[in-house]
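Input: a single structure, listed below in structure tokens.
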Amino acid sequence: MTANKKKISDSLKKRTKENHKNRNKGGITGKKAVDIPDDLRFKPEEGKNKIDIIPYVVATDHHPQRDEGYKKGEIDYVLDYFEHSYVGATGDSFLCLKKTFGLPCPICEEQQRMRASGKYDKEDIKELNPSRRVLYNVIDKNDEDKGIQLFPVSHFLFEKELLEEAEAAEDEIIIFADIEDGRTIFFRAVEDDSMDSSFLRYKSFKFYERDEELDENLIEQAISLDELLIIPTYEEVKTAFESNSNDKMEDDEAEDDEVEDDEVEEIPVKKRRQRKKENECPYGHKFGVDIDREKDCKKCDEEVWQKCAEENEE
């Protein structure tokens, strides 16, 4: 193994192990959090998929895990970030400045204010949670002629499952993205329409020996994923977020004007009943209690699982 290949291998081994330890932390809109060209977007097919994950060279000083050693010139295989979606009237997406970079985030600040006031329902507070996302450079083994593509996906639905399988498959965690000793990843994509909208759920992860090691030049050809981050200013996020809050406030005031005096007491009761129903396990287990204790937890919708996990922490 050359010195350069050893450096790459050591970096990816460190990253895979770190991500395994952190795996549980926890639509097309106007503005985007990450600039992913549509013609480069990898879209898994429903059914069987096989991919190779290609490492990339960090190109900027704003890699989300820069304080953990992923600085300009280092090798990584994934971009791990947090995103606030459907912000404002136009449904913009923004990087969560707090969760991604440790900077002040107006949405997270409002969430903390709501939590501290004691006046808001848990569901209202949780609506402001950012979602954890990941992005990879991949080669679709079912259609290699497309070359390197970008695969954006939920951390919970893909990376978490991938890392758990990599840790359980052998005596030592599989460094699946390694150029020399990495593996081709097999998985199935299954459409899940149990919630309001359908989405793909990923399962049956397996690792296969490659016919040959990947060309080291692929790392140079891979897109530096950190360059795709669209980093907003605090004021940009605040302006978009407050535009939505102002619209909601006007709607609430209009609804209040239409309510008769004898109906006032009934509204909170109705809302409480509705939210109680939303905070129920879709598989009949104890919400906020049986988190990751049942087989059904692996099938759970990401948003429902996240709320259940937060309920468990409180």
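The values are calculated or read from the model by the stated rules, or taken from the named source; none is laboratory data. Since we're looking at a predicted model, the values are computed, not measured. FYI the Cβ positions are ideal-geometry reconstructions off the backbone, even for glycines, and counts take in every protein chain you see. Ligands, DNA and RNA are stripped out before the accessible areas are found, and what is left, the full protein with its side chains, is counted by its heavy atoms. Shrake-Rupley method; radii C 1.70, N 1.55, O 1.52, S 1.80 Å.
Just one residue in the set D124, D76, D140 is over 20 Å from the mean Cα position of the chain (by Cα) and buried (at least 17 other Cβ atoms within 10 Å of the Cβ); that residue is D140.
Are any residues in segment 195-239 in a strand (DSSP E or B) and over 17 Å from S85 (Cα atoms), and if so, which ones? Spell out how you get there, then give the answer.
Initial filter on segment 195-239 (in a strand (DSSP E or B)): 199-209, 229.
Passing the criteria: L200, R201, Y202, K203, S204, F205, K206, F207, Y208, E209.
If only one of D39, D52, D61 is assigned to a loop (DSSP other than H, G, I, E, B), of a type outside the set (F, W, Y) and under 20 Å from L225 (Cβ atoms), which one is it? Testing whether each residue is assigned to a loop (DSSP other than H, G, I, E, B), of a type outside the set (F, W, Y) and under 20 Å from L225 (Cβ atoms) leaves just D61. Of the residues A168, A177, A222, the single one that is hydrophobic (A, V, I, L, M, F, W, C) and exposed (fewer than 13 other Cβ atoms within 10 Å of the Cβ) is A168.
Is it true that F186 is out of contact with any Gly (no Cβ under 7 Å at 6 or more places or on another chain), assigned to a strand (DSSP E or B), open to solvent by 20 Å² or more (accessible area, probe 1.4 Å) and modelled with pLDDT of 95 or more?
yes
Among the conditions (1) surrounded by fewer than 16 Cβ atoms within 10 Å (Cβ to Cβ); (2) under 17 Å from the mean Cα position of the chain (by Cα); (3) of a type in the set (D, E), the only one that E83 does not satisfy is (1).
Only one entry of E258, E227 meets the criterion of being modelled with pLDDT of 65 or more and either within 21 Å of the chain's Cα centre (by Cα) or open to solvent by 80 Å² or more (accessible area, probe 1.4 Å) (or both), and that entry is E227. When Y208 is tested against (1) touching a Ser or Thr at 6+ places or on another chain (Cβ under 7 Å); (2) closer than 26 Å to D39 by Cα; (3) among the hydroxyl-bearing types (S, T, Y), only condition (2) is not met.
Reported count of residues in segment 128-137, each being among the hydrophobic types (A, V, I, L, M, F, W, C) and either open to solvent by less than 10 Å² (accessible area, probe 1.4 Å) or out of contact with any helix residue (DSSP H, G or I) (no Cβ under 7 Å at 6 or more places or on another chain) (or both), is 2. Have a look at S154, S198 and point out the one that is open to solvent by 20 Å² or more (accessible area, probe 1.4 Å) and out of contact with any Cys (no Cβ under 6 Å at 6 or more places or on another chain). Selected residue: S198, the only one of S154, S198 that is open to solvent by 20 Å² or more (accessible area, probe 1.4 Å) and out of contact with any Cys (no Cβ under 6 Å at 6 or more places or on another chain).
Only a single item in (1) more than 30 Å from E242 (Cα to Cα); (2) at pLDDT below 95; (3) aromatic (F, W, Y) is not met by Y86, and it is number (1).
The set of residues in segment 169-185 being of a type in the set (D, E, K, R) and out of contact with any Phe, Trp or Tyr (no Cβ under 8 Å at 6 or more places or on another chain) consists of E170, D171, E172, D178, E180, D181.
Would you say D121 is of a type outside the set (A, V, I, L, M, F, W, C), within 21 Å of L218 (Cβ to Cβ) and in contact with a helix residue (DSSP H, G or I) (Cβ under 7 Å, 6 or more places away or on another chain)? I'd like the intermediate steps shown before the answer.
Numbers: of a type outside the set (A, V, I, L, M, F, W, C): yes; within 21 Å of L218 (Cβ to Cβ): no; in contact with a helix residue (DSSP H, G or I) (Cβ under 7 Å, 6 or more places away or on another chain): yes.
Spelling it out, it is not the case that D121 is of a type outside the set (A, V, I, L, M, F, W, C), within 21 Å of L218 (Cβ to Cβ) and in contact with a helix residue (DSSP H, G or I) (Cβ under 7 Å, 6 or more places away or on another chain).
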